[in-house]
Amino acid sequence: MESSGGNLQPFFPVFLSVVFVVRNQSARMSELLERAGRCIGPLVSDYELIVIDNASQDDSLAVLKGLMGENGHSNVQVYALSKEVDTDTAFWVGLENALGDFVVVLDPLVDDIAFVPEMLDKAVRGADVVFVNNRLKPTQGLAYRFSYAVFNRLYKAFGGVDLAREAPQYRLLNKRVINFILQHRQPAMSYRHLPATGGFSRVHLDYSAKPGIPSSKHLADSINRGMRLMVSTTRAPMRVVTMLSLFGAVANLLYSGYVVIIAVFKEDVAPGWVSLSLQQSGMFFLISLVLLVLGEYILNMASLSNEGPLYHVGQEFTSARITRREKLNVEDVAAEPLVTPSNREGQ
């Protein structure tokens with residue numbers, strides 16, 4: 001990190017990519033790009049702003065094209081998805097197309113981009129991953145908050161990571177981490193947890209800033225994404241299945257022995273009807289639970305073998321001005337004395 005004179009603004013001689021996902025934010029687009037450029041431009045040697053339009057239904061694409069002309073915002077790349085996908089998948093579109101040495105991932109409506117200098121400072125000092133958590137959370141519905149808390153507790157029990165605290169969405173990754181995630185079969189799914197579980201050096205930072213307008217989150221979609229994340233990133237649920245199956249087998253064996261003992265030593269077995277009914281209902285409960293978890297794994301395996309790409313980029317366009325390309329066209333040539341016939345004779 002460098003700073004000049006009394007200027008407290010840090011400077012980092014790196015190439016930084018900033019990825020954010022938007023949907024139906026045409027009215028805010030100019031403000032978002034202007035604020036991002038104002039914050040990132042003086043901070044690094046070069047940068048790019050990667051905007052993922054998550055299948056907006058308003059005039060976001062037309063607005064973006066208008067903002068990226070000769071007199072518009074520079075260093076912007078736009079990837080417009082043809083259909084809406086979950087947030088992690090949309091972020092991954094930007095990550096795998098990023099060219100920077102470091103990549104920042106944020107929600108421009110919730111996360112404070114002014115915190116990037118502190119993140120970049122930790123990264124250039126050696127941290128592979130920098131996670132940032134805002135203590136002030138956006139308001140969500142009661143059902144969503146309850147489901148979110150239950151999922152994080154289950155995932156921490158199975159995977160050993162609290163995604164909300166230890167792997168928040170606002171993060172900075174270096175290129176090595178992204179290349180590592182690319183080697184996995186489902187990088188868009190693994191991207192959420194691998195930076196926290198892959199053995200990389202990581203730093204956790206906290207800040208407090210009032211969040212903006214959060215994007216709407218559907219409970220059903222979040223539950224579906226959470227189940228896919230859980231069954232695709234940890235073997236613990238499958239271990240639960242095997243333990244339940246073992247318990248069911250042992251319980252049924254003991255029950256068979258119990259029935260034999262009753263048949264040998266008891267003549268009137270009618271009073272045992274209550275206990276028999278309770279045990280049968282308990283067995284059916286275990287079987288149902290096992291089938292539920294197995295069904296989730298079957299769905300996940302089917303998605304791996306049958307589903308097509310998770311996303312499709314319908315349109316792609318960049319700013320008319322890319323400062324990186326302008327720098328590549330600049331060549332410093334040392335001035336040489338002009339040789340003329342007269343001074344050649346003097347030599």
Assuming TYR79 fulfils every condition listed in (1) modelled with pLDDT under 90; (2) touching an Asp or Glu at 6+ places or on another chain (Cβ under 6 Å); (3) surrounded by 15 or more Cβ atoms within 10 Å (Cβ to Cβ) apart from one, which condition is it? (1)
Extreme residue, farthest from VAL116 (Cα to Cα), among residues of the stretch 25-49 that are among the polar types (S, T, N, Q) and out of contact with any strand residue (DSSP E or B) (no Cβ under 6 Å at 6 or more places or on another chain): SER26
Looking at this structure, is SER26 touching a Ser or Thr at 6+ places or on another chain (Cβ under 6 Å), of a type in the set (Gly, Ala, Ser) and surrounded by fewer than 22 Cβ atoms within 10 Å (Cβ to Cβ)? yes
Quick one: is VAL63 at pLDDT 90 or above and closer than 20 Å to TRP92 by Cβ? no
What is the residue count in the stretch 162-188 for residues that are crowded, with 21+ Cβ neighbours inside 10 Å and either charged (D, E, K, R) or within 18 Å of ASP107 (Cα to Cα) (or both)? 6
Please indicate, with yes or no, whether at least one residue in the stretch 88-96 is touching a Pro at 6+ places or on another chain (Cβ under 9 Å) and under 12 Å from VAL18 (Cβ atoms). yes
Enumeration of residues in the stretch 33-75 that are of a type in the set (Lys, Arg) and farther than 15 Å from VAL19 by Cα: ARG38, LYS65
In the stretch 156-190, what residues are closer than 25 Å to TYR207 by Cα and either touching a Ser or Thr at 6+ places or on another chain (Cβ under 7 Å) or small (Gly, Ala, Ser) (or both)? GLY160, VAL161, ALA164, ALA167
Single unsatisfied condition, SER17 versus (1) modelled with pLDDT of 90 or more; (2) of a type in the set (Ser, Thr, Tyr); (3) over 19 Å from PRO195 (Cβ atoms): (3)
Out of all the residues in the stretch 65-76, is one or more open to solvent by 40 Å² or more (accessible area, probe 1.4 Å) and not in a loop (DSSP other than H, G, I, E, B)? yes
Test each condition in (1) in contact with a strand residue (DSSP E or B) (Cβ under 6 Å, 6 or more places away or on another chain); (2) outside any strand (DSSP E or B); (3) not charged (D, E, K, R) for ILE52 and report the one that comes out false. (2)
(1) without any contact (Cβ under 8 Å) to a residue 40 or more places away in the chain; (2) open to solvent by less than 20 Å² (accessible area, probe 1.4 Å): which one isn't true of VAL116, the others all being true? (1)
Checking the structure you have, find out if any residue of the stretch 145-157 is touching a helix residue (DSSP H, G or I) at 6+ places or on another chain (Cβ under 7 Å), closer than 23 Å to LEU182 by Cα, in contact (Cβ under 8 Å) with a residue 12 or more places away in the chain and open to solvent by less than 20 Å² (accessible area, probe 1.4 Å). yes
For the stretch 147-161, indicate whether the set of residues that are within 16 Å of the chain's Cα centre (by Cα), in a loop (DSSP other than H, G, I, E, B) and either of a type outside the set (Phe, Trp, Tyr) or modelled with pLDDT of 85 or more (or both) is non-empty. yes
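The values are calculated or read from the model by the stated rules, or taken from the named source; none is laboratory data. Just so we're clear, the structure is a prediction, and the values are computed from it rather than from any experiment. Note: ideal-geometry Cβ built from the backbone for every residue, glycine included; neighbour counts use all protein chains shown. Note: accessible area is taken over every heavy atom of the protein model, side chains too, but ligands, DNA and RNA are not part of it. Shrake-Rupley method; radii C 1.70, N 1.55, O 1.52, S 1.80 Å.
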